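The values are calculated or read from the model by the stated rules, or taken from the named source; none is laboratory data. Computed from a predicted structure; not experimentally measured. A quick note on method: Cβ atoms are made from the backbone with ideal geometry, for glycine too, and the neighbour counts reach across all protein chains shown. SASA here: full protein model, heavy atoms, side chains in, ligands and nucleic acids out. Shrake-Rupley method; radii C 1.70, N 1.55, O 1.52, S 1.80 Å.
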Amino acid sequence: MEKYLLPVFNRKQISFVKGEGVWLEADDGSRYLDIGAGIAVNVLGHCNKNLVSALRNQAQELWHTSNLYRITNQEKLAKILISNTFADVAFFTNSGTESTECAIKMARKFHSNRNDNRHEIISFDGSFHGRSIGAISTSSSQKMKEGFGPLLPGCKSVDMNDERALINSITPKTAAVIIEPIQGEGGIKIVPSKTIHLLRDICDKFGVLLIFDEVQCGVGRSGKLFAHEWVGIVPDIMTIAKGIGGGMPLGACIATKRAAEGMTTGSHGTTYGGNPLACAVGCEVLNQVLSEKFLPNVIKISNYFSQKLKAIVDSYPSIFKEVRGTGLMLGLKMNIKNDLFVETAFNQGILTVPASENVVRILPPLNITESEVDLAIGLLTKTAESIRL
């Protein structure tokens, strides 16, 4: 049946038919411990009862009307986001890529309103902001861009560790700087606090908008609702997706009123984005993530998980180099090919996710328990042992 699909994915020859919590079950009955969470999407695990209930209740009432009309659930979700972030307004999308497109348009429109001809977008080496033409234009990956040119003009990437290059990259045409506080696809790399502070200072000095991409590192994954909270610096615009839907296609671009002032009626739009069904689930996701004990427990369980991972690294130095990341956005830097480890782990019954810089990502549901962490550590240890043998 795969012959009917565009062959752009290198899929494993397995089909999952059922999920519960951290577990997935295939059509042949085999079970897998999922610590990839659909690439950081299933923040509350598979088929979370509260999310299923929210989805079922809304599905019995109304699915879709379009943004030609008010959508109550969209307004509720926007209120939750605005009440718990720097932002004043929200635009809902279906994905992180769409959120990036909205952010780029918003930044350019902001400057267009001022007639200052700013359109350049500065990003950073190793970044990943999506796969649309606009999003890949911000990437430093030539492989991702190959065959899709000409790309969006005015986009350039710099080394985040080169302060001089960063400062010199700002020109009178610079509209915005976009950065992931923690790079996911780029290899689970935490942007240094001093770099975030420097970016805020530079943007303020030169009238440039600062965009944070929290598509992968947001919605509780770092132990805060959003990763930039650890640094104490806020952006002008932020992109969100993945975890906010808990498995439903949902994203958002949120911003200050000032940054969004150019986005007036007709300047942007979406047919499906923010529909009643997706936003009902999104509201329940945030209600759980923002509950009193949830984020403190993410920090607690992440400390437990990272310490266990460090013990594995120490025990198998020929296979692992280091543990990266924070919260439940962790990475194993490998001394062997990461694809080999991911494949071997799969054969042992545990799902992980590869990343750049030869890293294996650990992105479990945020409500994973200590006993489930112990099971994961046992399977990762078996994986390392089987490779060493």
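Here is a check on your reading of the model: is residue 336 out of contact with any Leu (no Cβ under 6 Å at 6 or more places or on another chain), open to solvent by 20 Å² or more (accessible area, probe 1.4 Å), over 20 Å from residue 32 (Cα atoms) and of a type in the set (Val, Ile, Thr)?
On the way: out of contact with any Leu (no Cβ under 6 Å at 6 or more places or on another chain): yes; open to solvent by 20 Å² or more (accessible area, probe 1.4 Å): yes; over 20 Å from residue 32 (Cα atoms): yes; of a type in the set (Val, Ile, Thr): yes.
Yes: the conditions hold for residue 336.
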Query raised in the report: Would you call residue 91 hydrophobic (A, V, I, L, M, F, W, C) and either under 30 Å from residue 103 (Cβ atoms) or over 25 Å from the mean Cα position of the chain (by Cα) (or both)?
Result: yes
Query raised in the report: Out of 136, 121, 82, which single residue is over 23 Å from residue 222 (Cα atoms), in a helix (DSSP H, G or I) and β-branched (Val, Ile, Thr)?
Result: 136
Report summary line: Residue count, the range 214-229, condition without any contact (Cβ under 8 Å) to a residue 40 or more places away in the chain and open to solvent by 10 Å² or more (accessible area, probe 1.4 Å), comes to 1
Requested in this report: Could you grab me the full set of residues in the range 149-184 that are out of contact with any helix residue (DSSP H, G or I) (no Cβ under 9 Å at 6 or more places or on another chain) and crowded, with 20+ Cβ neighbours inside 10 Å?
Outcome: 183
Query raised in the report: Identify, please: which residue in the range 164-204 is in a helix (DSSP H, G or I), more than 24 Å from the chain's Cα centre (by Cα) and of a type in the set (Val, Ile, Thr) and is, among those, nearest to residue 226 (Cα to Cα)?
Result: 202
**Report entry** helices (runs of 4 or more DSSP H) fully within the range 247-350 counting 2 or more residues that are farther than 25 Å from residue 371 by Cβ and among the acidic types (Asp, Glu)
**Finding:** 338-348
Query raised in the report: Under the condition of being open to solvent by 10 Å² or more (accessible area, probe 1.4 Å) and of a type in the set (A, V, I, L, M, F, W, C), which residue from the range 230-260 is farthest from the chain's Cα centre (by Cα)?
Result: 260
Query raised in the report: Of all residues in the range 112-126, how many are on the phi < 0 side of the Ramachandran plot and either surrounded by fewer than 20 Cβ atoms within 10 Å (Cβ to Cβ) or at pLDDT below 95 (or both)?
Result: 7
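Working only within the range 85-111, note down all residues that are in a loop (DSSP other than H, G, I, E, B) and either of a type outside the set (D, E, K, R) or buried (at least 21 other Cβ atoms within 10 Å of the Cβ) (or both).
Scanning the range 85-111 gives 85, 86, 87, 94, 95.
Under the condition of being open to solvent by 60 Å² or more (accessible area, probe 1.4 Å) and modelled with pLDDT of 90 or more, which residue from the range 139-148 is farthest from the chain's Cα centre (by Cα)?
The residue in question is 147.
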